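All remarks here apply to the structure that follows.
The values are calculated or read from the model by the stated rules, or taken from the named source; none is laboratory data. Every value quoted in this text rests on a predicted model; they were computed, and no experiment measured them. For neighbour counting, all protein chains shown are included, and Cβ atoms are generated from backbone atoms with ideal geometry for every residue, glycine included.
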Amino acid sequence: MSAVHDALIVGGGLVGSCLALALHRAGLSAVLIDSQPPQLAAAGAAWDSRVYAISPGNAGFLESLGVWPRLDRQRLQCVESMVIRGDRPAGRLSFSAYDAGLRELAHIVESGALQQALCDAIAETGRLPVVCPAQTAALRVDGDCAQLQLGDGSLLHARLVVGTDGGNSWVRQAAGLEARVTDYRQTGVVANFETGGNHRGAAYQWFRDDGVLALLPLPGKRVSMVWSTAGDHAQELLALPAEALAARVTEASAGVLGALRLITPAAGFPLRLAHVPKLVAPRVALAGDAAHNVHPLAGQGVNLGFRDVRELVKVLSARAPGQDCGDRQLLRRYERARREDIAAMELGTDGLQKLFAARPVWVSGARNSGMAAVDRLPFLKNLLIRHAAA
């Protein structure tokens, strides 16, 4: 039999790459496996239409791995405040990093740039194997070892296999783990714009009759848009010429940042909720989108994944002498530690999505009044901020 590794990580996106690097830094032998090369940032490329709001806690973790310093500071933007508006004038909720005693609420990072930084950090180790491109064919657990067969017939062995291979996770299916999927019948439309006014580090979000519109600050006079909306409306937005789309978003955002000008083509991705009741099976664990899919209205999807990584590495690093990485007790400890955070985000985002999708007038009044009530409770607002910043 070939060498037995501590962990095989299937899925080389942001979460999988981060996990592989973190396990390597912790002194464990890991192999990263992916079916296709990751989407990296091209030198001098235009702004990436897919961005993430990375929490301060996760930014600190990425810094400890030597990833954060590799990012171009000229293309990073701190979010210092956030304004959320309902579908009535009374519905308003604001958050401030300063009021919560933080330097920032989040860091806006381009997807390709963060993936590039992770890949460069992995390559620099010189001792973290990456198998790519590689198709997974079969997973077998036999006693104290898991065996992964690749499409070319080769076999890899490890004490633990971690699925970080996205919402349609092959590892999850191969391990017999269930996912309960709710299709929101919505599309997230993303694009970047130049603005007529200064955003001053503020993020904006509107709960509208036609979906949830968010504008996230980018460096300079630029913003990144995510408009989560019904399929027909999304297709209409995606089909608009650049000037017409910019005018539509300017109008929908009440011109809060002045006239907008499109600088990257619009793109769309389907939205859904995926609840995974069990995150572990014998010698298998899930992390990232393989373990949960949530609505993007809170911008916490990738943050949940990075917190999965932090907890799994913590649990594996604290194992007892002689206890291997696939020990069921360790995996159950990881699952229990992540359950509350994941459940809170699933319930929160799904509840908000359903609440603002409801049409009755009395529901509209109640939800907007609720936003206004929370806005008058600094203690509650700061608790929400602290959780999101972790």
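Details
- Leading residue by the ranking (farthest from S224 (Cα to Cα)) among those in the stretch 268-301 that are of a type in the set (A, V, I, L, M, F, W, C) and at pLDDT below 95: A274
- Which listed residue, of G188, G220, G176, is of a type outside the set (S, T, Y) and closer than 20 Å to T349 by Cα: G188
- Criterion violated by L177 - all others in (1) crowded, with 22+ Cβ neighbours inside 10 Å; (2) touching a Lys or Arg at 6+ places or on another chain (Cβ under 6 Å) satisfied: (1)
- Checking the stretch 38-55 against the condition returns a match, with at least one residue being within 28 Å of L155 (Cβ to Cβ) and buried (at least 17 other Cβ atoms within 10 Å of the Cβ).
- Residue within the stretch 84-105 that is of a type in the set (D, E), surrounded by fewer than 17 Cβ atoms within 10 Å (Cβ to Cβ) and closer than 22 Å to V15 by Cα present: no
- Filtered residues of the stretch 180-206 (kept if more than 27 Å from I385 (Cβ to Cβ), in contact with a Ser or Thr (Cβ under 8 Å, 6 or more places away or on another chain) and not β-branched (V, I, T)): A191
- Complete set of residues in the stretch 188-201 that are over 20 Å from the mean Cα position of the chain (by Cα) and assigned to a strand (DSSP E or B): F193, E194, T195
- Pairs, first within 15 Å of L23 (Cβ to Cβ) in the stretch 147-172, second of a type in the set (F, W, Y) and not in a loop (DSSP other than H, G, I, E, B), C-beta under 9 Å, six or more apart: G163/W170
- Filter result for the condition that a residue is of a type outside the set (V, I, T), in contact with a strand residue (DSSP E or B) (Cβ under 7 Å, 6 or more places away or on another chain) and assigned by TED's automatic domain parsing to the domain that holds G201, over A242, A254: A242
- Number of the condition not met by I9 [criteria: (1) outside the structural domain of E124 (by TED's automatic domain parsing); (2) touching a helix residue (DSSP H, G or I) at 6+ places or on another chain (Cβ under 9 Å); (3) in contact (Cβ under 8 Å) with a residue 12 or more places away in the chain]: (1)
- Every residue from the stretch 276-310 that is part of a helix (DSSP H, G or I), more than 20 Å from V51 (Cβ to Cβ) and either among the small types (G, A, S) or in contact with a Phe, Trp or Tyr (Cβ under 6 Å, 6 or more places away or on another chain) (or both): A290, R310
- Within the stretch 64-103, tally of residues that are β-branched (V, I, T) and over 20 Å from H199 (Cβ atoms): 1
- Checklist (1) within 21 Å of the chain's Cα centre (by Cα); (2) closer than 20 Å to A281 by Cβ; (3) at pLDDT 95 or above applied to A138, failing item: (1)
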